[in-house]
Amino acid sequence: MDFKQIQELIKMINKSNIGEVTIEQKDFKVTIKQKEEQITQVVQAAAPVAPAYSAPPPAAAASTAPAAEKAKSTESALPSNLITIKSPMIGTFYRKASPDKPNFTEVGDEVSVGKVVCIIEAMKLFNEIESEVSGKIVKVLVEDASPVEYDQPLFLVEP
């Protein structure tokens, strides 16, 4: 099973009601689990930023206000024609292959389709993430060695 097949499997699982899938081959085993309902509710509570809502509940106000302000300031400072490179999986984001190596990309670097922009470690496997667009890296949205979610924005690229 290759990386692309695993990505497609994750997408299908996310769209379905399947809670967990395990696939075993000769010397290979992969288990994919859906998020628990509680975690999903927390993510949904942080999402409302639309002005249609009057005021969030007091508990949510503390957690969503700084994120909303940061998102608004980021959006207003950046051009609208930017393309987002998103995480194809859940894991840990790394900007370089090892601590003594240079970053795969820096702000201002030109990337082309197929160029490795980062690594995401998932289940002790290091997966090279390739750019699906060509352009210039404008912003790195994730700190090195931090956890990322499926479909989380990683980089902003100006085509």
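Observations, loosely collected:
- Scanning the range 117-135 for residues that are among the β-branched types (Val, Ile, Thr) and either in a strand (DSSP E or B) or touching a Cys at 6+ places or on another chain (Cβ under 8 Å) (or both) turns up Val117, Ile119, Ile120, Ile129.
- Residues that are surrounded by 14 or more Cβ atoms within 10 Å (Cβ to Cβ), hydroxyl-bearing (Ser, Thr, Tyr) and closer than 18 Å to Val133 by Cα, drawn from the range 88-119: Thr105
- The conditions of being more than 20 Å from Lys4 (Cα to Cα), outside any loop (DSSP other than H, G, I, E, B) and not charged (D, E, K, R) are met by Val138.
- Within the range 1-55, the set of residues being assigned to a loop (DSSP other than H, G, I, E, B), modelled with pLDDT of 75 or more and within 17 Å of Asp151 (Cα to Cα) is empty.
The values are calculated or read from the model by the stated rules, or taken from the named source; none is laboratory data. In this text, all values refer to a predicted model and were calculated from it rather than measured experimentally. All Cβ positions, even for glycine, are placed from backbone atoms using ideal geometry, and neighbour counts span all protein chains on display.
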